[in-house]
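The values are calculated or read from the model by the stated rules, or taken from the named source; none is laboratory data. This structure is a prediction, so every number in the text was calculated from the model and none was measured. Glycine also receives a Cβ, built like all others from the backbone with ideal geometry; neighbour counts cover every protein chain displayed.
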Amino acid sequence: MTSERTKGVMLIVTSLASFLVPNTGSSVTVALPELGTEFGLDAGMLGWITAAYIISAAIFVLPFGRFSDIIGPKRIFYVGIAIFCLSLFPRGVNVSLMYYPEFMTAVRLAFLIFAAL
């Protein structure tokens, strides 16, 4: 049996974790005007950028759900949150990392994959 305090902590942690992906999705939306200006995209193409982010995050939900059934949900949750947060770190710390597009592409890929966990 879990105590009432443990249930409350679990509710807070899972609520905050479920907020991470929509929050980062809104950061994609904030960048849309600059992307449209930089690449000369119309409103239809800008909508596809947001859709691509949501679809790429959703693709991994089902396989990671099955993986969670096999390994255990608590362990998968901790790994997902840890890698998700670690992939946010280089994006916010040093602007000079933007000059290494291969590294930043790998960071974004890890960000999208582990957002599904």
Open item on the list: Could you go through the stretch 39-49 and let me know if any residue there is acidic (Asp, Glu), in contact with a helix residue (DSSP H, G or I) (Cβ under 8 Å, 6 or more places away or on another chain) and free of Cβ contacts under 8 Å to residues at least 24 places away in the same chain.
Closed with: yes
TODO: Quick one: count up the residues across the stretch 23-47 that are surrounded by fewer than 12 Cβ atoms within 10 Å (Cβ to Cβ) and at negative phi.
DONE: 12
- [ ] Being surrounded by fewer than 11 Cβ atoms within 10 Å (Cβ to Cβ) and at pLDDT below 80 is the filter; apply it to the stretch 61-93 and report the residue that is nearest to Ser27 (Cα to Cα).
- [x] Gly92
Task: Pairs, first among the aliphatic types (A, V, I, L, M) in the stretch 9-38, second at pLDDT 75 or above and not in a helix (DSSP H, G or I), C-beta under 9 Å, six or more apart - done: Leu32/Leu41; Leu35/Leu41
